[in-house]
Structure formats: structure tokens, C-alpha cells
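**Student:** Before I ask anything, here is the structure I am working with.
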Amino acid sequence: MKSTIKDVAKKANVSISTVSRVLNNPEIVAKDKRDKILEAIKELNYTPNALARGLIHKRTQTLGVLIPDISNLFYAELIKGMEDAARESGNNLIICNTDNNQNQRNASFKVLSEKQIDGIIFTSEPVFPDSYELFKQLGVPIVLAATHSLEYEIPSVKVNDEQAAFDATEYLIRQGHRHIGMISGSMLDPISGLPRIQGFLRALRTHGIDLNPDTCIEYGNYHFSDGYEAVKRLHKKFPDMTAVFATSDERALGCISYLHENNIKVPDDISVIGFDNTRMAGMCFPKLTTVAQPLYEMGQLVIRKLDRMINGEPLEELRTYMTHWIEERETVYNLKQ
């Protein structure tokens with residue numbers, strides 16, 4: 001059977017309250033007594049009950065993370081950054097996959113509330129009024145990762161999606177491309193869908209390129225199959241296209257797969273640029289040029305922000321925009337050469 005605090009007290013010949021003091025404030029217990037208790041803990045392999053300690057300190061050292069699609073590799077590096085930073089600050093993570101489903105999201109909030117988590121990280125999705133009400137009901141600090149809210153004063157960490165899309169499109173233009181297609185998320189998505197479309201169109205306008213959005217933009221979700229099907233439609237209606245900006249790496253790889261199957265060479269015939277710089281970007285052939293987000297560092301920063309809030313410390317800024325860059329590899333051809 002698992003040892004209890006009572007067993008430790010009996011073996012060390014002290015009171016239960018003295019054992020508790022050693023566990024929570026060891027510096028106030030005399031060294032000889034403290035050493036005896038620590039030796040008993042070691043011999044009995046005693047592990048303190050985390051929930052009981054949480055009731056004493058009013059903290060469970062547990063943070064909840066809501067992810068809309070855990071199968072997307074975008075979240076692997078993000079969560080790794082969160083996990084490493086959480087470990088440094090003595091916290092544990094509970095990962096909840098919501099599947100972009102409101103009922104699943106609400107169920108996850110209920111579970112996290114029952115677990116008495118100390119704070120929540122909400123990723124990627126917009127903060128609609130119903131979610132904000134759930135945040136308030138939980139009554140714990142919230143930080144947004146890879147999303148933000150301009151309606152509510154909630155701390156957030158993300159890249160500037162509009163500027164990142166502008167830079168990706170301008171990169172293609174500077175390589176000599178003027179017939180550029182885009183594979184995008186929904187215009188109804190205010191976090192990454194609409195801003196990236198706006199950045200794409202701004203770059204075209206800035207460089208005097210007149211393209212009809214109905215002709216040069218196709219829409220889909222963020223998976224490989226969505227990129228595959230979207231570029232099929234895009235190439236059919238825009239056969240003069242020489243480059244594609246796919247707004248996720250998975251979409252970009254789906255795009256490359258379709259082009260390869262139809263004997264369209266990347267980058268010789270059509271160049272492709274992705275978005276995110278997930279690990280798969282450097283594993284495919286040809287290796288994917290993409291807009292890089294500092295996903296690991298983003299994960300670390302959201303945890304540090306959340307930890308400061310839990311400890312009642314002030315934040316340096318409410319909304320943090322992290323630096324993005326173009327990671328050049330092999331899928332963009334310079335037409336000026």
C-alpha cells in the first residue's frame with residue numbers, strides 16, 4: 001500500500017503537523033528533526049498528495065491548455081515550449097483537444113474547473129462571447145496563444161498574421177512572380193484566415209499587381225487533404241499561376257503532392273511557400289520554404305505570462321507580437337535568374 005503522511009510521522013516519531021511543515025516550510029523545522037523526517041520519507045517512498053497540498057496553498061500547480069486540433073503538427077512545438085517552461089516553474093499541464101467543437105470545448109472547461117487548475121492557455125481560436133463567459137466563470141487567469149482578442153483585455157502571444165502574409169507574398173513578388181495564388185482559411189476566421197488574406201491582397205496592391213481574389217484565392221481547412229483539393233481547384237481556374245502561398249505547412253505539402261502527381265514541377269513550374277515552419281517543412285522533398293513562427297518560444301512565453309498572473313505580478317505588455325521570418329529552402333524559384 002502507498003505510504004501516508006501518518007506513516008512518515010510514526011516512523012520519524014514526530015507529529016503529522018511537523019511532517020507537513022517539513023513538506024511546506026522546511027526552513028522553520030530544526031535540522032536534526034528535518035533530516036529524520038526526510039530520511040523517513042525516503043525509506044517509505046512517500047509522495048505528498050498534490051490535491052491536499054493544493055488545498056493548503058490554494059494552488060494545484062496545474063495549468064489547462066485547450067488545443068483545437070492536436071493532430072496538427074503546428075501544436076507539437078508550441079506545446080513542447082509550454083511543457084518545458086511549465087516544468088521550470090513547477091507546473092504541470094493538462095492538454096484538452098476540443099476538435100474545434102463548441103460542446104467539446106465546454107466539456108473541457110468543465111473538466112479543468114473540476115481539476116481546480118490555476119490558469120488556462122487558450123490556443124488559436126477566436127474568443128467569442130460564450131467562451132469569454134466561461135473564462136469569467138472559471139475565475140482563473142487566462143492567456144491566449146496563437147490568437148488574440150481585441151474585444152477583451154486578455155493577455156496574448158502571437159505573430160502579426162497580416163504582416164507575415166504580406167511578407168510571404170512580397171517575397172514571391174521579389175523573386176519575380178506576379179501570377180500568385182493563395183490557399184487560405186476562411187474569411188470568417190478573424191485570427192488567421194482574414195488577416196492573412198488582407199496581407200496577401202495588400203502586397204499585391206503595393207506592387208501594382210491586379211488579380212481578382214475570386215480567381216487567385218481558394219479556401220479550405222488546415223490539413224494536407226485541404227491543400228491538395230484547394231490547389232486542384234485553384235490551378236483549374238488560374239492556369240497561369242507561377243506561385244502559391246499556402247497559409248499552413250500542411251496545406252503547402254498537400255499542394256506539392258497534387259502538383260507532383262500531375263507532373264507539375266516544384267519549384268520550376270510552380271513555386272510554393274508555406275506558413276508555420278513546422279518540422280515537416282524540412283523533411284519533405286523539395287524542402288519547403290515557409291513563413292516561420294517561433295512556436296517553441298511562443299509556448300514558453302505564454303506559460304511565463306500565465307505564471308506571472310497567477311503570482312499577482314504585473315505584465316510588461318498585454319498583447320505580445322513575436323517576430324516571424326522567411327525560412328528559405330527549395331520550393332521557390334527565382335524567375336529573375
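**Student:** Could you sort SER20, SER186 by accessible area so the largest value comes first, with the probe set to 1.4 Å? Mind dumping the intermediate values first?
**Tutor:** Details: SER20 35, SER186 55 Å².
Final ranking, largest accessible area leading: SER186, SER20.
**Student:** Just read off the accessible area of HIS207 with the full protein assembly in place, 1.4 Å probe, to the nearest 10 Å².
**Tutor:** Solvent-accessible area, nearest 10 Å²: 50 Å².
**Student:** Nearest 0.05, what FRET efficiency do VAL111 and LYS265 give at R0 = 51 Å with Cβ-Cβ as r? Let's see the in-between values first.
**Tutor:** Values: r = 49 Å, r/R0 = 0.96.
Approximately 0.55, to the nearest 0.05.
**Student:** Can you give me the Kirkwood hydrodynamic radius for the stretch 1-155, using every pair of distinct Cα atoms, in Å to one decimal? Write down the numbers at each step before the final one.
**Tutor:** Numbers: mean 1/r = 0.0557 Å⁻¹.
Here the Kirkwood hydrodynamic radius works out to 17.9 Å.
**Student:** List, in order, the whole-Hz ³J(HN,Hα) value for each residue of the stretch 84-99 obtained from phi through the Karplus relation with A = 6.51, B = -1.76, C = 1.60 and θ = phi - 60°; use x for Gly and Pro.
**Tutor:** Once rounded to whole Hz, the list reads 5, 5, 5, 4, 4, 9, x, 10, 10, 10, 10, 8, 10, 8, 8, 6.
**Student:** Then there's this: At what distance in nm do the modelled label points of TRP325 and GLU151 sit from each other, each positioned 7 Å from its Cα along Cα→Cβ?
**Tutor:** Here the answer is 3.7 nm between the modelled labels.
**Student:** Tell me, what does the Kirkwood hydrodynamic radius of the chain come to in angstroms if you use every pair of distinct C-alpha atoms? Write down the numbers at each step before the final one.
**Tutor:** On the way: mean 1/r = 0.0446 Å⁻¹.
One decimal place: 22.4 Å for the Kirkwood radius.
**Student:** For the stretch 206-271, what is the relative contact order in percent, using Cα pairs closer than 8 Å and at least 6 residues apart in sequence?
**Tutor:** Values: 69 pairs, mean separation 21.6, N = 66.
Reported relative contact order: 33 percent.
**Student:** While we're looking at this one, here's another question. Place a +1 charge on the Cβ of each Lys and Arg in the chain and a -1 charge on the Cβ of each Asp and Glu, then give the dipole magnitude about the Cα centre in debye, rounded to the nearest 20.
**Tutor:** Numbers: 39 positive and 44 negative charges, 278 e Å.
In debye, rounded to 20, the chain gives about 1340.
**Student:** Okay, next question. When the chain is treated as a GNM, springs tying every alpha-carbon pair under 10 Å, which of THR60, THR169, THR290 comes out with the largest mean-square fluctuation?
**Tutor:** Judging by the Gaussian network model, the answer is THR60.
**Student:** Using the C-alpha gyration tensor of the stretch 263-337, what are the square roots of 5 times its eigenvalues, in whole angstrom, with the largest one first?
**Tutor:** On the way: eigenvalues 288, 29, 9 Å².
So the equivalent ellipsoid measures 38, 12, 7 Å along its semi-axes.
**Student:** So which chymotrypsin sites (Phe, Trp or Tyr not before Pro) in the stretch 117-220 are both in a DSSP loop and have at most 15 other Cβ atoms within 10 Å of their Cβ?
**Tutor:** TYR152
**Student:** Another question, then. Treat each spin label as a single point 7 Å out from the Cα along the C-beta direction, and report the ASP84 to HIS207 distance in nm.
**Tutor:** A separation of 3.4 nm, rounded to one decimal place.
**Student:** Taking the Cα centre as origin and putting +1 on Lys and Arg beta-carbons and -1 on Asp and Glu beta-carbons, what dipole magnitude results for the stretch 110-173, to the nearest 20 debye? Walk me through the numbers before you get to the answer.
**Tutor:** Details: 4 positive and 11 negative charges, 68 e Å.
My answer is approximately 320 debye.
**Student:** Another question, if that's okay. Can you compute the label reach from PHE128? Point 7 Å from Cα along the Cβ direction, backbone N cut-off under 15 Å, restricted to the stretch 134-168.
**Tutor:** What the label zone holds, given the 15 Å backbone N cut-off, is 134-135.
**Student:** Using Cα-Cα distances under 8 Å and only pairs 6 or more residues apart, what relative contact order does the chain have, in percent? Walk me through the numbers on the way to the answer.
**Tutor:** Values: 617 pairs, mean separation 57.5, N = 337.
Relative contact order, the chain: 17 percent.
**Student:** Each residue of the stretch 194-210 in turn: what ³J(HN,Hα) in whole Hz from Karplus with 6.51, -1.76, 1.60 and θ = phi - 60°, glycine and Pro shown as x?
**Tutor:** 4, x, 6, 5, 4, x, 4, 5, 5, 5, 4, 5, 4, 9, x, 9, 9
**Student:** Of THR62, LEU172, GLN198, whose Cα points farthest to the positive end of the dipole of the chain (charges on the beta-carbon: +1 Lys, Arg; -1 Asp, Glu; origin at the Cα centre)?
**Tutor:** THR62
**Student:** Please give the per residue accessible area of the chain, computed with a probe of 1.4 Å over protein heavy atoms only, in Å².
**Tutor:** 49
**Student:** Could you order LYS305, LYS11, LYS232 by accessible surface area, starting with the largest, using a probe radius of 1.4 Å? Can you show the working numbers first?
**Tutor:** Numbers: LYS305 15, LYS11 110, LYS232 80 Å².
Listed by decreasing accessible area, they come as LYS11, LYS232, LYS305.
**Student:** How would the stretch 71-144 be classified by its alpha-carbon gyration tensor: rounded, prolate or oblate, with rounded meaning a/c under 1.5 and the a/b versus b/c comparison settling the rest?
**Tutor:** Numbers: a/c = 1.83, a/b = 1.24, b/c = 1.48.
Oblate, because a/c is 1.5 or more while a/b does not exceed b/c.
**Student:** Using the structure shown, list the pairs from LYS232/LYS287; LYS33/LYS115; LYS80/LYS305; LYS2/LYS110 with a Cα-Cα distance above 25 Å, or answer none.
**Tutor:** Numbers: LYS232/LYS287 21 Å; LYS33/LYS115 34 Å; LYS80/LYS305 16 Å; LYS2/LYS110 30 Å.
Listed pairs above 25 Å: LYS33/LYS115; LYS2/LYS110.
**Student:** Can you tell me which aspartates and glutamates have their Cα less than 20 Å from the Cα of LYS136? Leave out same-chain residues fewer than eight positions away.
**Tutor:** Filter leaves GLU114, ASP118, GLU125, GLU151, GLU153, ASP307, GLU313.
**Student:** Which of MET82, GLN102, LEU38 sits closest to the plus end of the dipole of the stretch 4-110, meaning its Cα is farthest towards the positive end, when Lys and Arg get +1 and Asp and Glu get -1 on the C-beta?
**Tutor:** Selected residue: LEU38.
**Student:** Also: Using a Förster distance of 51 angstrom, determine the FRET efficiency expected from the C-beta separation of SER71 and ASP7, and round it to 0.05.
**Tutor:** 0.70
**Student:** Once you have the Cα-Cα distance between LYS136 and THR215, take 0.36 nm times their residue separation minus that, and quote the gain in nm to one decimal. Walk me through the intermediate numbers first.
**Tutor:** Values: separation 79, 0.36 × 79 = 28.44 nm, distance 4.34 nm.
Here the answer is 24.1 nm.
**Student:** Ranked from highest to lowest mean number of other Cβ atoms within 10 Å per residue, what is the order of the peptides 72-78, 36-42?
**Tutor:** Working: 72-78: 21.1, 36-42: 17.9.
The most tightly packed comes first, giving 72-78, 36-42.
**Student:** Which value, to two decimals, describes the C-alpha radius of gyration of the stretch 107-240 once divided by 2.2 N^0.38 Å?
**Tutor:** On the way: Rg = 18.6 Å, N = 134, 2.2 N^0.38 = 14.1 Å.
Dividing the Cα Rg of the stretch 107-240 by 2.2 N^0.38 Å gives 1.31.
**Student:** Whole percent per 5 Å bin, from 0 to the bin with the longest distance: what is P(r) over all C-alpha pairs of the stretch 191-250?
**Tutor:** P(r) for the stretch 191-250, in whole percents per bin: 4, 16, 29, 26, 18, 6, 1.
**Student:** Which value in deg cm²/dmol, rounded to the nearest 500, describes the helix-derived mean residue ellipticity at 222 nm for the chain, given -39,500 (n - 2.57) per DSSP H run of n ≥ 4 and division by the residue count? Could you put the intermediate results ahead of the total?
**Tutor:** Working: 13 runs with 152 residues, N = 337.
One gets -14000 deg cm²/dmol as the mean residue ellipticity at 222 nm.
**Student:** Which value, in debye to the nearest 20, gives the size of the charge dipole of the stretch 63-205 about its Cα centre, when Lys and Arg are +1 and Asp and Glu are -1 at the Cβ? Mind dumping the intermediate values first?
**Tutor:** Values: 12 positive and 18 negative charges, 78 e Å.
Roughly 380 debye for the stretch 63-205.
**Student:** Accessible area, 1.4 Å probe, largest first: how do VAL8, VAL140, VAL111 sort? Mind dumping the intermediate values first?
**Tutor:** On the way: VAL8 0, VAL140 35, VAL111 60 Å².
Heavy-atom accessible area, descending, gives VAL111, VAL140, VAL8.
**Student:** Oh, and also: Over the chain, what percent of the accessible surface lies on carbon and sulfur atoms, probe 1.4 Å? Mind showing how you got there, number by number?
**Tutor:** Details: 8320 of 16640 Å².
Heavy-atom surface of the chain belonging to carbon and sulfur, 1.4 Å probe: 50 percent.
The values are calculated or read from the model by the stated rules, or taken from the named source; none is laboratory data. Because the structure is predicted, anything quoted here is derived from the model rather than measured. With ideal geometry, Cβ positions are generated from the backbone for all residues, glycine too; neighbour counts draw on all protein chains shown. When the accessible area is computed, the model is the full protein with side chains, heavy atoms only, and any ligands, DNA or RNA have been set aside. Shrake-Rupley method; radii C 1.70, N 1.55, O 1.52, S 1.80 Å.
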